[in-house]
Amino acid sequence: MSLSCDLSILEELTSNAKQIQDDLLDKILKANANTEYLHRFLEGSSDKELFKKNVPVVSYEDVKPYIDRVANGEPSDIISGEPITTFNRSSGTSSGNQKIYPANNIYFENMLFGYALSSLLVSKHVDGYKQGKVMIFRFTNRISITPCGLPIAPALTSLIKSKYYSSMANNSTSPYEITLCPDAKQSIYCQLLCGLVQRDEVVSVGATFPSVLLQIIHFLENYWKELYSNIRSGQVSDWITDHSCRDSVSTILGEPNAELADLIENECSGQKSWQGIITRLWPKTKCIETIITGTMSQHIPALDYYSNKLPLVSKVYASSEACFGINVNPLSKPQQVSYTFLPNMSYFEFIEVYDDGGTTGEIADLVNVKLGCYYEPLVTNFSGLHRCRVGDVLQVTGSYNNTPQFRFVRRNNTVLSVYLEPTTEDDILKALARATVVLESSDLILTGFTCYGDISIVPGHYVFYLELKAKVNNGTNDLRLDNKVLVEYCCVMEESLSSLYRKLRIKNGPIGPLEVRIVQQGTFDSLMEFFVSRGSSITQYKTPICINSAEALKILEDKVLARFFSDKSPPL
Ligand code: AMP
């Protein structure tokens with residue numbers, strides 16, 4: 001497949017989705033008919049109807065033994081006709097445990113194709129995008145090796161380290177060497193420094209997921225003085241010890257630049273608040289490129305605050321298993337973002353699910369999904385996955401040419417339950433969006449959020465951890481927490497939860513009053529550092545909407561400043 005593409009390809013693909021999917025399945029089955037895995041069900045046949053009849057829908061745990069065998073040195077053809085050349089480690093911050101997915105060049109070519117196409121769409125919709133530079137923060141992890149010598153890394157790390165990456169990086173303010181730096185702190189510092197020096201060219205600011213972008217803004221709040229003094233002196237700080245980082249940032253930094261240093265000092269020190277800091281430091285920025293659908297929607301208010309409400313652009317929907325789709329209307333409002341599936345990426349099927357997470361068992365092809373219905377995608381690809389459940393729930397919102405578009409709804413697991421109520425990620429995000437209005441009216445912005453179900457005492461109750469920031473800087477980092485506002489916040493949260501929750505939350509019922517625990521500023525950065533230290537990639541990190549690791553909970557608990565409880569049962 002050619003990696004350089006123009007938008008006519010999108011028209012062609014989406015107009016012929018059925019044929020392209022059929023042909024793709026044909027090719028996959030022919031390539032894989034003799035793998036040990038498929039042979040069990042198809043006995044060497046590559047017949048598509050037989051595939052649908054005999055090959056079971058599976059989840060990761062079902063295929064894990066096969067994947068582990070390949071990782072441990074048995075030949076790839078246990079699962080895949082195309083050799084497996086690498087393993088993608090999923091972030092694991094949503095499900096709690098990390099998985100490894102087999103992959104090869106087809107995966108990376110697909111990924112790059114998805115990114116290239118979505119970038120073309122952004123440049124079509126955002127004036128001047130092509131002429132400017134993007135300040136997109138990217139990071140890589142160290143690559144580990146399986147017992148048989150194959151690399152295991154987060155997909156983005158492998159992509160960045162692959163021969164394919166150069167075409168993706170050419171208009172970035174961050175030199176490639178800095179992206180490769182294994183020390184996240186040095187990498188963030190140097191990427192910021194490069195971005196500040198090239199501020200006049202920056203048309204877009206971003207990171208794969210917003211939790212990282214927000215961490216970078218917090219980093220800027222702590223390091224702006226050092227950054228502008230490096231610009232003033234033309235010398236990079238001594239603690240940047242990674243040689244290739246140091247060399248490439250020094251080249252960009254160039255001669256001392258007092259004028260730029262003064263300007264940055266002015267913007268960062270002269271103002272009462274950090275509102276709009278992105279547009280103040282990078283005045284030509286037209287959009288923020290980061291994924292704000294699904295759990296990431298919790299970060300919209302903070303991003304709006306720091307960017308003065310620049311358009312938030314969610315370009316792609318992808319995972320360690322496959323690249324699924326792209327957003328053909330990159331400037332659509334966050335609540336209206338849908339992803340158009342790309343029929344040439346993998347063979348996609350969809351298992352219908354009920355709104356509460358159960359499944360009807362009915363499976364539809366890509367072109368046969370029904371408008372308004374909810375589905376979990378199944379992936380069949382060239383690297384050993386056959387009808388594998390992805391674990392996300394999507395809703396069909398429309399179509400582009402003949403290809404359906406989907407809204408990302410949530411991960412398909414019940415995230416909170418302290419009695420019998422299944423409270424999904426989507427329920428929590430909706431309640432959060434309503435309750436955030438209460439905070440905003442009292443000049444607070446939410447900069448971190450997660451929750452857990454506390455069943456250590458009876459009745460069990462929901463605990464929401466919030467990190468807050470005052471919109472206007474009062475000279476200290478101290479927050480003025482108004483009891484009335486935060487109790488109201490708890491009540492609005494409860495009112496917005498499901499009717500079953502509200503029924504069970506009656507006085508002396510089996511669910512106790514919802515609690516909010518306010519944590520110190522920087523707590524969510526520590527939480528990210530904890531997950532990253534356990535092998536999750538900073539680039540792929542998504543703040544978990546619900547925490548169940550005792551160690552992660554301890555990080556939050558150690559930083560609790562205040563607690564508030566709902567003071568009445570929610571109306572039924
Ligand atoms: P990983 O395999 O670690 O890269 O995580 C992939 C998961 O991230 C997906 O299964 C989704 O749950 C989530 N994800 C990826 N892209 C998006 C998106 N555009 N919107 C919402 N969630 C996404």
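The values are calculated or read from the model by the stated rules, or taken from the named source; none is laboratory data. Being a predicted model, the structure only gives us computed values, none of them experimental. In this analysis, Cβ positions are derived from the backbone assuming ideal geometry, glycine residues included, and neighbour counts consider all displayed protein chains.
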Where the second residue is in a helix (DSSP H, G or I) and of a type in the set (V, I, T) and the first is in the same structural domain as W224 (by TED's automatic domain parsing) and lies in the range 178-191, which pairs have Cβ atoms under 7 Å and are six or more apart or on separate chains? I178/V249; T179/I160; A184/V532; S187/I178; I188/I216; C190/I178; C190/V249; Q191/I178
Please enumerate the residues belonging to the range 132-147 that are modelled with pLDDT of 90 or more, more than 13 Å from I178 (Cα to Cα) and of a type in the set (D, E, K, R). K133
Count of the range 131-160 residues which are part of a loop (DSSP other than H, G, I, E, B), surrounded by 21 or more Cβ atoms within 10 Å (Cβ to Cβ) and hydroxyl-bearing (S, T, Y): 1
Given the residues A116, A155, A169, which is the only one that is within 23 Å of the chain's Cα centre (by Cα), aliphatic (A, V, I, L, M) and closer than 27 Å to V236 by Cα? A169
Within the range 204-238, tally of residues that are more than 18 Å from E267 (Cβ to Cβ), touching a strand residue (DSSP E or B) at 6+ places or on another chain (Cβ under 7 Å) and part of a helix (DSSP H, G or I): 3
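For every residue, the table says whether it meets (1) assigned to a strand (DSSP E or B); (2) under 22 Å from A552 (Cα atoms); (3) acidic (D, E).
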| position | (1), (2), (3) |
| --- | --- |
| F449 | yes, yes, no |
| I457 | no, yes, no |
| L468 | yes, yes, no |
| V472 | no, no, no |
| L479 | no, no, no |
| V487 | no, no, no |
| M493 | no, no, no |
| Y501 | no, no, no |
Can you work out which of the residues in the range 211-245 that are under 28 Å from L527 (Cα atoms) and of a type in the set (D, E, K, R) is modelled with the lowest pLDDT? E221
Out of the residues in the range 510-540 that are at pLDDT below 90 and among the β-branched types (V, I, T), state the one that is surrounded by the most Cβ atoms within 10 Å (Cβ to Cβ). I538
Looking at the range 332-361, which of its residues are in a loop (DSSP other than H, G, I, E, B), among the hydroxyl-bearing types (S, T, Y) and away from the ligand (no atom under 15 Å from the Cβ)? Y354
Within the range 357-376, identify whether any single residue is within 24 Å of Y66 (Cβ to Cβ), modelled with pLDDT under 95 and of a type in the set (S, T, N, Q), and answer yes or no. yes
Looking for something within 26 Å of the chain's Cα centre (by Cα) and at negative phi - is there at least one such residue anywhere in the range 472-492? no
Just one of (1) within 23 Å of the chain's Cα centre (by Cα); (2) more than 20 Å from T359 (Cβ to Cβ); (3) of a type in the set (D, E) trips up E440, so point out which. (1)
On the given criteria, is K507 over 17 Å from G453 (Cβ atoms) and out of contact with any Gly (no Cβ under 6 Å at 6 or more places or on another chain)? yes
Mind listing just one residue for me: the one in the range 321-331 that is part of a loop (DSSP other than H, G, I, E, B) and out of contact with any Lys or Arg (no Cβ under 7 Å at 6 or more places or on another chain) and, of those, farthest from the ligand (Cβ to nearest atom)? L331
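Residue by residue, here is whether (1) of a type in the set (S, T, N, Q); (2) at pLDDT below 95 holds:
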| residue | (1), (2) |
| --- | --- |
| N381 | yes, no |
| G384 | no, no |
| T414 | yes, yes |
| S417 | yes, yes |
| D427 | no, yes |
| L439 | no, yes |
| S442 | yes, yes |
| G448 | no, yes |
| Y452 | no, yes |
When you go through (1) among the hydroxyl-bearing types (S, T, Y); (2) crowded, with 22+ Cβ neighbours inside 10 Å; (3) within 28 Å of T360 (Cα to Cα) one by one for Y400, which number turns out not to apply? (2)
Could you say whether any residue in the range 369-392 is among the aliphatic types (A, V, I, L, M), surrounded by fewer than 22 Cβ atoms within 10 Å (Cβ to Cβ) and within 30 Å of Y305 (Cα to Cα)? no
By my count, strands (runs of 3 or more DSSP E) wholly in the range 362-437 with at least 2 residues that are out of contact with any helix residue (DSSP H, G or I) (no Cβ under 9 Å at 6 or more places or on another chain) and away from the ligand (no atom under 15 Å from the Cβ) are 392-400
Give me the residue from the range 307-319 that is crowded, with 24+ Cβ neighbours inside 10 Å and farther than 19 Å from Y374 by Cα and, out of that set, nearest to the ligand (Cβ to nearest atom). S314
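Quick test for you: out of G114, G128, G73, pick the one residue that is touching a residue at least 24 places away in the same chain (Cβ under 8 Å) and buried (at least 18 other Cβ atoms within 10 Å of the Cβ).
G114
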Scan the range 510-545 residue by residue and report those that are in contact with a helix residue (DSSP H, G or I) (Cβ under 8 Å, 6 or more places away or on another chain), without any contact (Cβ under 8 Å) to a residue 60 or more places away in the chain and part of a loop (DSSP other than H, G, I, E, B). P513, L514
I need the full set of residues from the range 207-244 which are among the aliphatic types (A, V, I, L, M) and either over 30 Å from L446 (Cβ atoms) or loosely packed, with under 14 Cβ neighbours inside 10 Å (or both), in order please. I231, V236, I240
Does G384 satisfy the criteria of being within 30 Å of V70 (Cα to Cα) and not charged (D, E, K, R)? yes
I'm told Q186 meets every condition in (1) surrounded by fewer than 22 Cβ atoms within 10 Å (Cβ to Cβ); (2) in a loop (DSSP other than H, G, I, E, B); (3) not charged (D, E, K, R) except one. Can you identify the failing condition by its number? (2)
How many of the residues in the range 248-303 are out of contact with any strand residue (DSSP E or B) (no Cβ under 8 Å at 6 or more places or on another chain) and either within 16 Å of the ligand (Cβ to nearest atom) or of a type in the set (D, E, K, R) (or both)? 10
Looking only at the range 546-572, filter to residues that are among the basic types (K, R) and assigned to a loop (DSSP other than H, G, I, E, B); which one of those is surrounded by the fewest Cβ atoms within 10 Å (Cβ to Cβ)? K568
